[in-house]
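The structure under discussion appears below in the form of structure tokens.
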Amino acid sequence: ETGVTQTPRHLVMGMTNKKSLKCEQHLGHNAMYWYKQSAKKPLELMFVYNFKEQTENNSVPSRFSPECPNSSHLFLHLHTLQPEDSALYLCASSQVNRANEQFFGPGTRLTVL
Amino acid sequence: GQQLNQSPQSMFIQEGEDVSMNCTSSSIFNTWLWYKQDPGEGPVLLIALYKAGELTSNGRLTAQFGITRKDSFLNISASIPSDVGIYFCAGQPLNAGGTSYGKLTFGQGTILTVHP
């Protein structure tokens, strides 16, 4: 238990569906991150939020829309996804001044049909 | 973008053996980190390194920040079955400062299997 929870743990959706992934951290951190982990590829950073403000969008397609209402919660809204978007989506958090020491949640395994 | 070359890709060892894996980059990194990921879980931070030449231990794990700032290694001594998992190196490139702090680059991972 790292103090970062993600729901749902598994999600199957069609290409026309709209769904959201949720992340919550209980560590008092003020930076949150979304990563994509695909088979046989390194973790890819998607978005960074510092103090609820987005500071990084790593050229992520607009069908992925993040939302950070406060420092403890992070959402990833999904719409019109493609099968190649199937992956493990990991959320992480850290202190802004120790941003390299990131604590990860267990991930959401997403399958797009 | 930055790339990290992590090797070996996989290792099959006997319980009790020592393990060594490394990560190299063509660019300078100002931070190196080592994570472990168990099946069905997210990566867990094992060791963080911030200075060239730094050698840090965490139990049976030892990691070093290479003197050239372009590499790092992780050693596991006297392996046990629960060491099984995927080990990732990660780094903060030197030129990714300012608002890019926390923008980590990850290696592809080393899959470790330990036979009892």
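Rule-based calculations on the coordinates, nothing more; no lab input. Quick caveat: nothing in here was measured; it's all calculated off a predicted structure. All Cβ positions, even for glycine, are placed from backbone atoms using ideal geometry, and neighbour counts span all protein chains on display.
Return the only residue of B:Gln9, B:Gln37 being within 13 Å of the chain's Cα centre (by Cα) and under 28 Å from A:Gly3 (Cα atoms). Write out each step before concluding.
Details: B:Gln9 fails: under 28 Å from A:Gly3 (Cα atoms).
The match here is B:Gln37.
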Inset, instruction - Determine which member of the set A:Leu81, A:Leu27 is within 13 Å of another protein chain (Cβ to nearest Cβ), assigned to a loop (DSSP other than H, G, I, E, B) and farther than 15 Å from B:Pro43 by Cα. - result: A:Leu27
Inset, instruction - Return the pairs, sorted by first residue and then second, in which the second residue is hydrophobic (A, V, I, L, M, F, W, C) and part of a loop (DSSP other than H, G, I, E, B), the first residue lies in the range B:29-48 and is within 25 Å of B:Ile67 (Cβ to Cβ) and at the interface with chain A (Cβ under 8 Å from one of its Cβ atoms), the beta carbons are less than 8 Å apart, and the residues are 6+ apart or on different chains. - result: B:Leu33/B:Leu104
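Residues B:Phe29, B:Phe65, B:Phe12: which one is surrounded by fewer than 18 Cβ atoms within 10 Å (Cβ to Cβ) and aromatic (Phe, Trp, Tyr)?
Numbers: B:Phe29 fails: surrounded by fewer than 18 Cβ atoms within 10 Å (Cβ to Cβ); B:Phe65 fails: surrounded by fewer than 18 Cβ atoms within 10 Å (Cβ to Cβ).
The conditions single out B:Phe12.
Could you pull out the residue among A:Ser62, A:Ser38 that is over 25 Å from B:Leu46 (Cα atoms), small (Gly, Ala, Ser) and out of contact with any His (no Cβ under 6 Å at 6 or more places or on another chain)? Let's see the steps before the verdict.
Numbers: A:Ser38 fails: over 25 Å from B:Leu46 (Cα atoms).
Going through A:Ser62, A:Ser38 in turn, the sole match is A:Ser62.
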Legend entry - Subset of the range A:84-113 [of a type in the set (Val, Ile, Thr), more than 10 Å from chain B (Cβ to nearest Cβ) and closer than 20 Å to A:Val48 by Cα]: A:Thr108
Legend entry - Residue that is nearest to B:Cys89 (Cα to Cα) [pool: residues in the range A:93-108 that are more than 11 Å from the chain's Cα centre (by Cα) and part of a strand (DSSP E or B)]: A:Phe103
